[in-house]
Each structure stands twice: as structure tokens, then as C-alpha cells.
Amino acid sequence: MNLKTRRIIMYSFILAFLILAPIVIFYSSGYRFDLKRHQVLKTGTLFLEAKEINKANLYVNNKLIEDPFSNKKYIYNLLPGEYLVKLSKSGYHDWQKKAIIYSGLTTFIKDAILFKKDVPLQIADGNISELYLSPDSSKIAYLEKNDTFSEIYLLDLSSNNTDLIYRFTSKDQTTSLSWAASSKKIMLSYDSTHIIIDTNNPKNIFSLNAVTNFKAQNIIWDINSDNILFTEYQDSIYRIDLYNKKSEKIFSSPDTQINPTFFIEGNDIFYISEQIGQNSLNKYNLQFKTEKQIIELSKNSNYKFIKSTNNYLGLIDLDQQNLLLIKKIDADYVTSLQNQTKNFNAKEAFWDDKQNQLLIYDDFEIKIYNTDANKELFINRYGNPIKKISWYPDLSHLLILFDNNIEIIDITQEVGTRNYIEIAKFDQISNFAVTPDGKAVYFSGQIGKQQGLYRLNLQ
């Protein structure tokens, strides 16, 4: 090989190095050429986590990732843009979400849950219409009615054992149960009768009528004690002491009419004064004997307070399906709250376990108000009326009940349509309750001629 040939080879290698080295460096640094944009871009990374999920199929933009997915996975070198990520496993509903990949950054998805495809298991048969989940989420009380009498059953969610705790006859179709804060006592109300039942000892039964000596319209538990209740009667509010078996008047408004709906927190009584032409929301302090009008209301009669332990007071005008949300600190120090009050269309609202997100819905729309960000998030609108909504324990999903089916919707979707799945469909479903660990949902329903209480495994 002569000198000229050797030089040609040497210069060829140098030229190849000068051309390929930048390409290799750019490639190893995460840069790729985007054919659609006709430019070199730095790639991003996707991190996906789905706890307790093993050997699932992972798809990115409908392309199967070769290695099976188990618990968590990083996917590198994705060009910036929008991607459809999907997990699929036999025996489970598919999970999918649209994710945005940014140049040089990692996009994290940590809320992926695969819900089981399971057949509902009947726990009890009969005409069961209402379910009442205890405050500690350990038990469900439910009513079963027939032509002769009604019965109250207690379902232990940890053992799935069901016990009959009370039987009664009622002429009135309106029957309700209400749990004490401790989850140890429950109040049965029917035919102007109010019975307190000790769930640990169902034979321990106490009638409130024996200590009130009047027909109470609206009885509520104290938010902290299972021995104290409150009720309204003839424009006065009474305190009922179960331990001492006595009742006493703690507030009276002889000059105005008081709506039966009220809310008590600490020493403050929040009540609605009904006057000619309009109503008003007022606060009375038991310690200092001071009274203050908080805000003027429209002239309606059906209201509901939203229970909370945070700095917000919620009141729903059920006639107009309008929710008023007021900061309690403003109710103390601001002269007029007309401009400080937030208004939402709502027939029902619930705070999450952390008391910073308020789930709000009417017959067709769902919204969430985040108090930390002071932001309202629209979730979805439906063509069929919504019967009930509940938080899923991870606070990233909602369970939604329509007339005959239950759906779960992912509320964390940032782009595109929110992902939802149908987990149960019967001829009719009247109510449901999800377990605190999210592993099962109980519902009362009917399919064909079969009525009863059912359990559906989700995890």
C-alpha cells in the first residue's frame, strides 16, 4: 500500500469521525431528529408506576413495549409531545392516560390503577334501598324493608359478617339512619320517632322522645361526641345529653322563624332565619351570647349544610341547587360577605379526607374546588342524571352512580377526554359505598327479579 492510499484511508477515517462523533454525542445525550418538525430536539422521559401490578402489557401510542410492566418503569428517549399510555392485563379493565413529554424533563405518572373485571357477589337478598357508611369506614348499616316490617343490619367490612341489630314497623316511608362521630352509635328516625342504638351492644336502645317531650324535626349529632345531639323545635335549638338523659334549650329566637336546618361547631350555631321576602344565614355564639347576620339568602325553605372541619362553611340551597361557600374567618371579621362568597351549581358536595378539595355536583355536571389553589376544576358533563358520587380513597378517581350503572373516572387527566370505566350494570342500582382501602365497593341493586346487597371486588 503506497503513501497516497494510506493518506486517503487516514483522511477518510478522520472525516468519518468528524461526521459521526457529533451524531453519537447528540444521540447519547438524548437528542433525536424529529421527522415531523424537521429539527433536532432533546428527548424526555416517562416514569409510570402502578403498585401491585405485575406482568402487564404496556403500550405507548399503541406500540407494545417489549419488556412486561411490573410496578414501575422508565421509558427513555421520547420526543416532546403528547402520548397515549396504556396498561392492559387479563382480568382487569384497561388503564390509559394521555401524557405530555417535555424536552429534557421526566413526566411522572404515579396514580395508575388497574381495576378488576369481577362479577358482583350477593351478600344479602331483599329490598335494600339505603346504605350508611360509618365515619370510620369500618361498617355499613343498611335498611331492609318488606310488607310487614323493616330491619336494620350491620355489615362489618373487615369480616363481611352481617348482623341484625333492630326490627321495627313503620307507616311512614321516610326512614333514615345517622351515625355518631365515634361510629359506635346510630340514630334511627321514622314516624316522628328517634331511636339511639349502640352498635356494639344492639340491645342497648334509647328513645330520644323520652327526654325531649316534643316532636323534634331535625336531630343532628355533635361533630365530636356520641353522647350529645342537637335539635330544632318552635324556633329554638335544644341540646340533648344522652349520658345524663336530659335536654335543654341553648338558643331561642322568638322574633323570627328558624329553619329546621342548622349546623353547630364548637360554640357557634349557624342557622337560617326566615323572614318576609328573604332569609338570612346567621351565627350565634354560645359563649359570648352574640349574634351576627352572615349573608342574605333567597326566600326558600330547603337547605343543607356541608360538614367540614376546615375553614369553610358550605350551605346548599336545595330548591335552587346553589352552593354557597364561605370562609369561616370571613364570617367573623368581614361586615358584608356578598362579594367574598363563592357560588356553585350543586345538589350535593363532599370534602375529601384532607379537607382541601370539595367535590361538587348537580344532576349532570361534576366539578372540584381546590382551596389551596383557589381553583375550580371541571370534571365532566353527562346526558343522564347523576344519583350519587363518592371519592375513591386515592383521591385521583371518583365513583359515579347513575340509574343502573356505576362508573369510575380518572380526574387527573391533563389533556383530552378523561378516562372512565363501567364497573357494574344492573337493571337498577340505588346506592353504593366503597371500602376505605378501595379494594371493594358495596351496592344495593336489582337484576331481573333478584334484589339485594352486592360486593364487587375492585383490587
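Each reported figure results from applying straightforward, stated rules to the coordinates on display, with no laboratory input. These numbers come from a predicted model, not from an experiment. Virtual Cβ from ideal backbone geometry, glycine too; neighbours counted across all protein chains shown.
Roughly how tilted is helix 3-28, in degrees to the nearest 10 and between 0 and 90, from the longest Cα axis of the chain?
So the helix axis and the longest Cα principal axis differ by about 0 degrees.
How far apart, in nm, are two points set 7 Å out from the Cα along the Cα-to-Cβ line at residue 52 and at residue 381?
3.7
Quick check for me: using +1 on Lys/Arg Cβ and -1 on Asp/Glu Cβ, what's the dipole size of the stretch 43-109 about its Cα centre, in debye to the nearest 20?
100
Counting Lys +1, Arg +1, Asp -1, Glu -1, what net charge surrounds residue 91 among other residues with beta carbon under 10 Å of its beta carbon?
+2
Could you list the trypsin sites (Lys or Arg not before Pro) in the stretch 234-298 that lie in coil according to DSSP, counting only those with at most 14 other Cβ atoms within 10 Å of their Cβ?
245, 289
Given 112, 227, 138, which one lies farthest toward the positive end of the charge dipole of the chain, if we put +1 on the Cβ of every Lys and Arg and -1 on the Cβ of every Asp and Glu?
The one lying farthest along the dipole's positive direction is 112.
Quick check: Cα centre of the stretch 65-127 to Cα centre of the stretch 357-376, how many Å?
Value for the Cα centre distance between the two parts: 25 Å.
Local charge sum around residue 182 (other residues, Cβ-Cβ under 14 Å, Lys/Arg +1, Asp/Glu -1)?
Local net charge: -1.
Give me D for the stretch 244-399 in µm² s⁻¹, whole number, from Stokes-Einstein with Rh from the Kirkwood sum over alpha-carbon pairs, 10 °C and 1.306 mPa s.
This corresponds to a translational diffusion coefficient of 94 µm²/s.
Among 344, 329, 190, flag the residue with its Cα farthest along the positive direction of the charge dipole of the stretch 121-457, charges on Cβ as +1 for Lys/Arg and -1 for Asp/Glu.
Of the candidates, 190 comes out farthest on the positive side.
Pairs 72/425; 42/86; 86/117; 249/292; 51/354; 139/246: which are spaced more than 26 Å apart, C-alpha to C-alpha?
Violating the 26 Å limit, Cα to Cα: 72/425; 139/246.
Place a +1 charge on the Cβ of each Lys and Arg in the stretch 121-457 and a -1 charge on the Cβ of each Asp and Glu, then give the dipole magnitude about the Cα centre in debye, rounded to the nearest 20.
Charge dipole, the stretch 121-457, about its Cα centre: 380 debye, nearest 20.
Along the charge dipole of the chain, Cβ charges K/R +1 and D/E -1, which of 201, 85, 127 sits furthest on the positive end?
85
In terms of the Cα gyration tensor, with a ≥ b ≥ c the square roots of its eigenvalues, is the stretch 121-457 rounded because a/c is under 1.5, prolate because a/b exceeds b/c, or oblate?
Here the stretch 121-457 falls in the oblate category.
Residue-wise, which Karplus ³J(HN,Hα) couplings in Hz belong to the stretch 56-73, taking 6.51 cos²θ - 1.76 cosθ + 1.60, θ = phi - 60°, and x for glycine or proline?
Going residue by residue, I get 9, 8, 10, 10, 10, 6, 6, 9, 6, 7, 4, 6, x, 7, 9, 6, 7, 7 Hz, with x marking Gly and Pro.
Could you tell me the relative contact order of the stretch 43-109? Use alpha-carbon pairs under 8 Å, at least six residues apart, and round to a whole percent.
Reported as a whole number, the value is 42 percent.
In nanometres, what is the gap between the two model label sites at residue 289 and residue 174, each 7 Å from Cα along Cα-to-Cβ?
3.6
Pairs of alpha-carbon atoms within less than 8 angstrom and 6+ residues apart define the contacts here; what relative contact order does the chain have, in percent?
For the chain, the relative contact order is 9 percent.
What distance in nm separates the two pseudo spin-label positions at residue 356 and residue 147, each 7 Å out from Cα along the beta-carbon direction?
5.6
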